[in-house]
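Take a look at the structure set out below.
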């Protein structure tokens, strides 16, 4: 099922054949990168997973193995599926390993300067026909694509976290993205068993344009003393039937990521309603980034986690 929302006009080269994606590269072995590698490998695609740190690669492979074990236990895949998928993944710290890839998906930190530096390093090592996608959750695809030597073959492919579980992929065309790249990316998403939502290239696209300001408003409610952390989360779980309260969700996403997205919205749309809450800024300055640092709006060193405010 596709949810096409104001899809970009078809480019002049729409009659060209859709490229075949037979090998996928993934940059970044963190939570998103290992999830993307996981679903691509299970879909039968050879995957090259790159990170600058070997220990991050080792950790990612171990996490994929454990996550696939859960799928085996739930009878979603077989033990043979797991073994075959893990065998399709090549882990490397060398960008030259991307030489045979037809698409490379960047899943680095949500910082524009970091992503552009990654692309500068990547481009000399990939073939001219190779497409490049960014898993950015908020940054302009047009601007990122313009920083490469192939803006026509550049696209946004925003997976949701956790990737093996969440069904949605946002597909975002930059102004220069050509039709074959768009069609190939859509076909890949469907091969991975995902539902696609096509978004225009505006700050934070669809999901985070709606979701993260809600989280920011929840932080304002905490900041202004409207309610405590448990009260705010309970109110939204039980009053709006959300599976997770907004502050708990912020911790799961990462408070630094939430702040980055709010900054993109605030700077990109120049609207005061997107101003990041000062309390969110303070938490990030303190290094209280949520689950990944064991402390955010909750302290995860305790069971059950205890509110920090």
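General observations
- Per this entry, residue 280 is counted among residues that are surrounded by 23 or more Cβ atoms within 10 Å (Cβ to Cβ), under 17 Å from residue 307 (Cα atoms), in contact (Cβ under 8 Å) with a residue 24 or more places away in the chain and assigned by TED's automatic domain parsing to the domain that holds residue 298.
- Taking first residues from region 64-87 that are more than 18 Å from residue 162 (Cβ to Cβ) and partners that are not in a helix (DSSP H, G or I), the Cβ contacts under 9 Å between residues at least 6 apart in sequence or on separate chains come to 84/44.
- Among residues of region 57-115, those that are crowded, with 20+ Cβ neighbours inside 10 Å and modelled with pLDDT under 95, counted: 2
- Residue list for region 261-273, filter: over 18 Å from residue 166 (Cβ atoms) and either outside the structural domain of residue 289 (by TED's automatic domain parsing) or buried (at least 21 other Cβ atoms within 10 Å of the Cβ) (or both): 262, 264, 265
- Complete set of residues in region 90-114 that are part of a helix (DSSP H, G or I) and in contact with a strand residue (DSSP E or B) (Cβ under 6 Å, 6 or more places away or on another chain): 97, 98
- Search result, residues across region 73-102 that are more than 15 Å from residue 52 (Cα to Cα) and in contact with a helix residue (DSSP H, G or I) (Cβ under 7 Å, 6 or more places away or on another chain): 77, 78, 79, 81, 82, 85, 86, 88, 89, 99
- Residue within region 235-249 that is assigned to a helix (DSSP H, G or I) and within 21 Å of residue 158 (Cα to Cα) present: yes
- Output for region 116-129, where each listed residue is surrounded by 17 or more Cβ atoms within 10 Å (Cβ to Cβ) and either not assigned by TED's automatic domain parsing to the domain that holds residue 179 or not in a helix (DSSP H, G or I) (or both): 126
- Test result for residue 232, under 19 Å from residue 103 (Cα atoms), buried (at least 19 other Cβ atoms within 10 Å of the Cβ) and at pLDDT 95 or above: no
The values are calculated or read from the model by the stated rules, or taken from the named source; none is laboratory data. Bear in mind that the values here come from a model prediction, so they are computed numbers and not experimental data. Cβ sites come from the backbone with ideal geometry, for glycine too, and all protein chains shown count toward neighbours.
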